[in-house]
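Inspection log for the structure reproduced underneath, given as structure tokens.
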Amino acid sequence: MIGKSSSADPLQQLFCYLMTEAPKCFPNHPASNIVITGTLNFVTAASLDYRTQGMKLPASAKRYTTFTRNISGIADVMGVFIFPASVPVTAYIAAIPDLMVFMLSANDVLSFYKEEVAGEELNRVSLLALCDNSTKIDVLKQLVNSTVEAHNNISDILKPDEEALDAYLSFSDGYIWAHAGLSRYRLKELGIFAK
């Protein structure tokens, strides 16, 4: 898929072009590889979503829900984009795993209400509850705890580099408030984040 595309599909040609541009944005930098692999994982996840519609998961497949969430959420890519080029990769790379947990779990928590109201069952909370044989509320509490723990870990990891920490704190604040402010999440119906 990457490289000189002979495809007549203009979308595929553009995708290939954009993937080859990543190293120009992050020259000689592991971040460009994260952007490329994360983007390819997202495309793979979209294909998996389509091909596995209606697939029944056994209770022992609990990690599958996290696997598909990780590759579909592009949180690793977004994590790289948080930090300005002036921040060395060594200042933030150890925080990327917790950034992924923070972004994906926070999104799952903040999306839960709208998904429940819509009767959606193909989401991480519902699938984990099914695999764990637990309630959705118990899973939701676990995800809230994971989100808070990840936020604390990230803050601790980034503390030695003020620019990296400031970039993250600005991002995390905006990430939560963006969810709160978007009507699609329907959080105002619950009186959450109401000003």
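Of the peptides 93-106, 47-60, 114-127, the ranking by mean beta-carbon count within 10 Å, highest at the top, reads 93-106, 114-127, 47-60. Computed 3J(HN,Hα) for the stretch 65-77, one whole-Hz value per residue from the Karplus formula 6.51 cos²θ - 1.76 cosθ + 1.60 where θ = phi - 60°, is 5, 6, 4, 5, 5, 5, 7, 8, x, 6, 5, 5, 5, glycine and proline marked x.
Sequence neighbours fewer than 8 away in the same chain don't count; with that in mind, list the lysines whose C-alpha is under 19 Å from LYS188. In chain and number order, the partners are LYS114. For Kirkwood radius over Cα pairs in Å, the choices are [x] 18.5; [y] 19.1; [z] 17.3; which was calculated from the structure? The value computed from this structure is option [x]. When the helices of the chain are scored as -39500 (n - 2.57) per DSSP H run of n ≥ 4 and the total is divided over every residue, the value at 222 nm lands at -22500 deg cm²/dmol. Projecting the Cα atoms of ASN70, SER60, SER170 onto the dipole axis of the chain, where Lys and Arg carry +1 and Asp and Glu carry -1 at the beta carbon, places SER60 farthest toward the positive end. Between GLU21 and ALA46, the FRET efficiency from the beta-carbon distance, with R0 = 25 Å, is close to 0.75. When only alpha carbons of the stretch 132-177 are considered, Rg and Dmax amount to 13.8, 43 Å.
Given R0 = 22 Å, the distance between the Cβ atoms of ASN33 and PHE67 translates into a calculated FRET efficiency of 0.65.
Could you give the length gained by full extension between LEU182 and SER86, i.e. 0.36 nm per residue of separation minus their alpha carbon distance, to one decimal place? Intermediate values should be presented prior to the final figure.
On the way: separation 96, 0.36 × 96 = 34.56 nm, distance 3.12 nm.
Length gained between LEU182 and SER86: 31.4 nm.
Taking the centroid of alpha carbons for each part, the stretch 161-182 and the stretch 8-31 are 27 Å apart.
Quick note: the coordinates plus some simple rules give every number you see, no bench work behind them. Everything numeric here is computed off the predicted structure, so don't read it as measured data. Reconstructed Cβ throughout: ideal geometry from the backbone, glycine too, with neighbour counts over all protein chains shown.
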